[in-house]
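The values are calculated or read from the model by the stated rules, or taken from the named source; none is laboratory data. Given the structure is predicted, the values throughout are model-derived calculations rather than measurements. Using ideal geometry, Cβ is built from the backbone for each residue, glycine included, and neighbour counts are taken over all protein chains shown. When the accessible area is computed, the model is the full protein with side chains, heavy atoms only, and any ligands, DNA or RNA have been set aside. Shrake-Rupley method; radii C 1.70, N 1.55, O 1.52, S 1.80 Å.
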Amino acid sequence: MAMRRRLMTLSATILAIGLAATTVLAVKPEGNRATRENGRVIYERSCLFCHGAEGKGDGPAGWFIGRYEAPHPRDFTSEGFKLRSTESGSLPTDQDLFRTVTRGIPGYMPSFAGLTETERWQVIAYVKSFNPAFQTETPAPLLLGGPAPLASPTSIETGRALYVRFECQACHGIDGRGDGPVSEAGDLKDASGLRIFATDLTRPLSFKNGSSPQDLVRTLMTGLDGTPMPSYAAQLTGKEDEAWYLAQYLLSLSSGSFP
Amino acid sequence: MSQRSITLGILMAVAATIASAFVHPEAQAIPPFARKYNVNCTACHTAPPILNPFGQRFLENGYQLPGTEDGGIIGKKKLGDVTLDDVTNFVGFRMVGNVTRSWSFKQQNPPGAAAGVVQNKTEFTFPDAFTMFTAGTLTKNVGFMVELGHDVEGGTTAVERGFVTFNNIGYHDLAHVRVGRYDPSAFYSYVTIRQQLNDVVESTTSGCTPFTPCGLNRAGLAPSAFAAKFYGLYQRDGTAISPFASSLFNSGGETGVDIHGRPFGDWFLYQVGVLNGANEGFGDSNKGKDIYAMLRFDYAKSNNFSANISGFVYRGYSNAKVQSQDDVNWNRYGLSARATYKMVDIYAAFAVDKIDKTPTAVAGLFDSTATGLTIGADTYVTNKTLISLRYDNLDAGGMLDQRKSATFVGLQVKQFLRTNIAIFARNDFNVRKSEGSDTAARNLRNAFFSGVDIVF
Amino acid sequence: MPLTSLAGETGATLVGRVVFRGTVPPPEVVTVTRDPKTCGETRTIQPLVVHPSTRGIQNAVVSIEGENTSPNTDTTKTTAITNTQCAFSPHVEAIRVGTPLEVRSHDPVLHNTHIMTGKRTFLNVALVPGGHPVAKVIKMPGLYHVQCDAHVFMQGSVVAFDHPYYAVTEAQGDFRIVGVPAGRHQVTVWHETLGALHHEVTVPAQGDVSITIEFP
């Protein structure tokens, strides 16, 4: 993953200085009819079984993903999107969708890195055609603030204080195990009214939105639409360091390695 | 159901409830493909080992995600070697079996017992079957599967299946080839090796001699549609073929070559294959190859609904012998269908077995036609409780003085303690009137099982 | 908010009352498991508030199918929902498309204000004690459901219109919509538990029109 990110940074740099990057990298196809048609073919082979022929999240295998509980496959036609870099309630950027298709969602959606980069862009163009809001809204990524400060005992302690002040323990539990009183009471529901459980923060490999410090800061800023996880953007704006400290504290809760 | 069975059943249910109360609902442990792709079992299975449509396409595509040819993506480390870290992405184990069994018979051939006496027998056992399988992709469009099964009671270990797949030959989904020892019915609507109610093998008298009827103590409990169905049929080496054993197209493992694909889009799947043929002794060159063809129609679009129907023709050439040691051509024609809507999964299979020409030595003594019908249903009543039902009717063929038709109904409750650990309680009962010792195939009145199913 | 409307002062004024003469179901009493110091030990949830003498319903949203769907030019106005003592104030809010909706909290505990339209999230933000309010412009007409996931008994509604002809009924069930153009109109009344009701009304060029709308 780090390799990929480095690759993307590199490609952005190459584009920025105006070199002929097209010879090196797959080009993101234009969002035209032909692209969507190519995307449809891929969608019907790879995505339909969970997300359904009309993108309603009701594919023939979709019910089994969470059975009687959340999550169920995303309904592309009317729901919001969980995994974004944009503000609460906004649509995701193309890059957000690309990240989800490429990484998958731990536990629930496999990585489709087996599709070529062009194929992934094509299927994204098709997925966006399910929701007309993609034509009227222009999602913009939130700024995640400056570079990540290095983790230190002080920064982790500050992060822990923020965890308590933001009452993360209400859902995620005082030890971060996802066993907070609101979650245990069964009060948490997703947008479809299905029971949803708070994430066990001691198991970073199961984090749906990724487990790097950048991923955690993004989740704190954007929230996970369709779930009870709110955006803390308004509380963290201008105090970006606090977001990093909180992320560092969250990662300090697990003994396992993380990417 | 005997009093003892009922008591055991209640105990199981209580144990399940108590045990499940201590398990965190998010607990997830995952077998090899799930590990490789970092998803739960539910991505591919309705209820393991039964596949949902996504899992079926994954299987069809040679263990590659549907629509992709991603077989190579985990082998690209360093020099393309697979390291020890990857082993868990390839190897899985399943331990399944009964820990208690309780039988209720009308006389189970005990010496000196009066005809018609009802007997109960309860035994504690070790989980019967331990399976180790390794499967995955070697590189893009090349996959493999090896499954070793150890039967704890019988003390035998054997390669149940072991084959290589070559996928997407020509263009995507045109042709996928399997070579080796595989289950021909892998793409059938009702797959032999994917069932909730595991086969319970029959009990036979020991010391059977070739080409003589092998005495049966108790009937086997296995899907009738897949069974051999004939009494008095022998392998070419003279071993008696169990009328309950899954066989021919529905065998759990046969050696041959098989091609399948979906060249006409998603609606149809074709499958053709050639097998050494059931029951051939090694190096028996007098025998012709068996051939089969299957066509399947799928409807799987939206509304959490899918349905499919499939039919096959299996032609055997000298693939069995009768008592007189004459070769016969044993064929099967089958039809199967399945429909899944949310938590409900219903499937059925019907098969007609026909022996081409009855050898003159057994003419008039041998019924050359037999049929089997199996209907099954699984449903999740809660996120952790799966109820399965199976009905079997065997209209047996073969030697008229031996054959016995049978009808059984089985009901199983499976409680998942974790996504990969389940305990179950099951009861099968004889729908027909149970009979005494001379009809061992029908002497079983009721059978109760409780056990575990662990996959990791 | 009640008794005023954003419409211009020309045209007729529609005044009236929404009444309910049926039996009001008993309120639901919820035991509070979180933050009882702020939220109280129990909460009495009664979404159908009927005035005992007038039988008027509070918090019904009355609107007229708009002819004036011109964009909202008044961008200075903000409509706010305040989390106070573990309730949304106001419980029901009507708003014109193009207006920022602000959510804020006066409580010393964590709230999240989670606003959805259909299955799509409009806004889900954490409001920590002493934290900043959050505002977001409503761009689509329709019904928005407001909830707090940390306190499930906290529920509210926002109804957004792309025209200025709407009002929320006050305690006695009264409403008033000014500047209504002449002609026949369809009046829609919406209440969170009683649902929607339609009523035809003919409005003259000037003056008041008075109507009483009764929920069956």
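Looking across the stretch A:32-54 at every residue that is part of a loop (DSSP other than H, G, I, E, B) and buried (at least 24 other Cβ atoms within 10 Å of the Cβ), the one that is farthest from the other protein chains (Cβ to nearest Cβ) is identified as A:C47. As a summary of the residue check, A:E242 satisfies the conditions (1) acidic (D, E); (2) away from every other protein chain (no Cβ under 14 Å); (3) under 23 Å from A:D175 (Cβ atoms) except for the one numbered (2).
Identify, from the list A:G66, A:G107, A:G114, the residue that is crowded, with 18+ Cβ neighbours inside 10 Å, within 13 Å of another protein chain (Cβ to nearest Cβ), in contact with a His (Cβ under 6 Å, 6 or more places away or on another chain) and closer than 18 Å to A:C47 by Cβ. Before the answer, list the steps.
Numbers: A:G107 fails: in contact with a His (Cβ under 6 Å, 6 or more places away or on another chain); A:G114 fails: in contact with a His (Cβ under 6 Å, 6 or more places away or on another chain).
Exactly one residue qualifies, and that residue is A:G66.
Is one or more of the residues making up the stretch A:212-224 more than 14 Å from chain C (Cβ to nearest Cβ), surrounded by fewer than 22 Cβ atoms within 10 Å (Cβ to Cβ) and outside any helix (DSSP H, G or I)? Scanning the stretch A:212-224, I find at least one residue that is more than 14 Å from chain C (Cβ to nearest Cβ), surrounded by fewer than 22 Cβ atoms within 10 Å (Cβ to Cβ) and outside any helix (DSSP H, G or I), so the answer is yes. Tell me yes or no: at least one residue of the stretch A:226-242 is open to solvent by 40 Å² or more (accessible area, probe 1.4 Å), in contact with a Gly (Cβ under 7 Å, 6 or more places away or on another chain) and acidic (D, E). Scanning the stretch A:226-242, I find at least one residue that is open to solvent by 40 Å² or more (accessible area, probe 1.4 Å), in contact with a Gly (Cβ under 7 Å, 6 or more places away or on another chain) and acidic (D, E), so the answer is yes. Just so you know, in the stretch A:185-206 the residues that are under 19 Å from C:H145 (Cα atoms) and acidic (D, E) include one that is nearest to the chain's Cα centre (by Cα), and it is A:D190.
In the stretch B:34-59, which residues are open to solvent by 10 Å² or more (accessible area, probe 1.4 Å) and of a type in the set (S, T, Y)? Across the stretch B:34-59, the qualifying residues are B:Y37, B:T42.
Of the residues that make up the stretch A:57-77, is at least one in a helix (DSSP H, G or I), within 25 Å of B:C41 (Cβ to Cβ) and touching a residue at least 40 places away in the same chain (Cβ under 8 Å)? Checked the stretch A:57-77: at least one residue is in a helix (DSSP H, G or I), within 25 Å of B:C41 (Cβ to Cβ) and touching a residue at least 40 places away in the same chain (Cβ under 8 Å).
Does at least one position in the stretch A:154-166 carry a residue that is more than 20 Å from the chain's Cα centre (by Cα), within 25 Å of C:R120 (Cα to Cα) and open to solvent by less than 60 Å² (accessible area, probe 1.4 Å)? Checking the stretch A:154-166: at least one residue is more than 20 Å from the chain's Cα centre (by Cα), within 25 Å of C:R120 (Cα to Cα) and open to solvent by less than 60 Å² (accessible area, probe 1.4 Å). The set of residues in the stretch B:416-425 being assigned to a strand (DSSP E or B), modelled with pLDDT under 95 and either within 14 Å of chain A (Cβ to nearest Cβ) or open to solvent by less than 20 Å² (accessible area, probe 1.4 Å) (or both) consists of B:F416, B:R418, B:A422.
May I ask you to say which residue of C:V109, C:V125 is out of contact with any strand residue (DSSP E or B) (no Cβ under 7 Å at 6 or more places or on another chain), facing another protein chain (nearest Cβ under 9 Å) and hydrophobic (A, V, I, L, M, F, W, C)?
Only one candidate qualifies: C:V109.
Residue count for the stretch A:111-155 satisfying the condition of being in a helix (DSSP H, G or I) and either hydrophobic (A, V, I, L, M, F, W, C) or farther than 30 Å from B:A34 by Cα (or both): 12.
Do the conditions hold for A:A133, that is, is it open to solvent by 50 Å² or more (accessible area, probe 1.4 Å), aliphatic (A, V, I, L, M) and touching a residue at least 24 places away in the same chain (Cβ under 8 Å)? Considered against the rule, which asks whether it is open to solvent by 50 Å² or more (accessible area, probe 1.4 Å), aliphatic (A, V, I, L, M) and touching a residue at least 24 places away in the same chain (Cβ under 8 Å), A:A133 comes out as no. The stretch C:60-155 holds strands (runs of 3 or more DSSP E) entirely within its bounds, and those carrying 3 or more residues that are in contact (Cβ under 8 Å) with a residue 12 or more places away in the chain and not hydrophobic (A, V, I, L, M, F, W, C) map to C:79-84, C:100-105, C:111-117, C:142-147. Within the span defined as the stretch B:377-384, one or more residues are under 30 Å from A:D58 (Cα atoms), touching a helix residue (DSSP H, G or I) at 6+ places or on another chain (Cβ under 7 Å) and in contact (Cβ under 8 Å) with a residue 24 or more places away in the chain.
When the stretch C:158-171 is filtered for residues that are under 23 Å from C:T84 (Cβ atoms) and open to solvent by 10 Å² or more (accessible area, probe 1.4 Å), the ones remaining, listed by number, are C:V159, C:E170, C:A171. Of the numbered criteria (1) touching a residue at least 60 places away in the same chain (Cβ under 8 Å); (2) under 19 Å from A:S90 (Cα atoms), the one A:T116 fails is (2).
Any residue at all in the stretch B:59-80 that is modelled with pLDDT under 90 and either away from chain A (no Cβ under 14 Å) or closer than 26 Å to B:N383 by Cα (or both)? Checking the stretch B:59-80: at least one residue is modelled with pLDDT under 90 and either away from chain A (no Cβ under 14 Å) or closer than 26 Å to B:N383 by Cα (or both).
Does B:T385 satisfy the criteria of being at pLDDT below 95 and surrounded by fewer than 18 Cβ atoms within 10 Å (Cβ to Cβ)? The answer is no for B:T385.
On the stretch given as the stretch C:128-166, residues that are hydrophobic (A, V, I, L, M, F, W, C) and within 12 Å of chain A (Cβ to nearest Cβ) total 11.
Set side by side, the residues A:G193, A:G180, A:G186 differ, and just one is open to solvent by less than 10 Å² (accessible area, probe 1.4 Å) and outside the structural domain of A:A70 (by TED's automatic domain parsing), which is A:G180. In the stretch B:342-376, what residues are over 19 Å from B:V328 (Cα atoms), free of Cβ contacts under 8 Å to residues at least 40 places away in the same chain and in a strand (DSSP E or B)? Result: B:V344, B:I346, B:I375. Inside the stretch B:31-47, residues that are touching a Pro at 6+ places or on another chain (Cβ under 7 Å) and in a loop (DSSP other than H, G, I, E, B) make up a count of 1. Taking the criterion of being of a type in the set (D, E), within 14 Å of chain B (Cβ to nearest Cβ) and open to solvent by less than 50 Å² (accessible area, probe 1.4 Å), would at least one residue in the stretch A:78-101 satisfy it? No, the stretch A:78-101 has no match at all. Per this entry, C:V18 is not counted among residues that are open to solvent by 40 Å² or more (accessible area, probe 1.4 Å), outside the structural domain of C:Q85 (by TED's automatic domain parsing), within 17 Å of the chain's Cα centre (by Cα) and closer than 30 Å to C:H163 by Cα.
Considering the conditions (1) assigned to a helix (DSSP H, G or I); (2) buried (at least 21 other Cβ atoms within 10 Å of the Cβ); (3) within 10 Å of another protein chain (Cβ to nearest Cβ), A:D200 is excluded by exactly one of them, (1).
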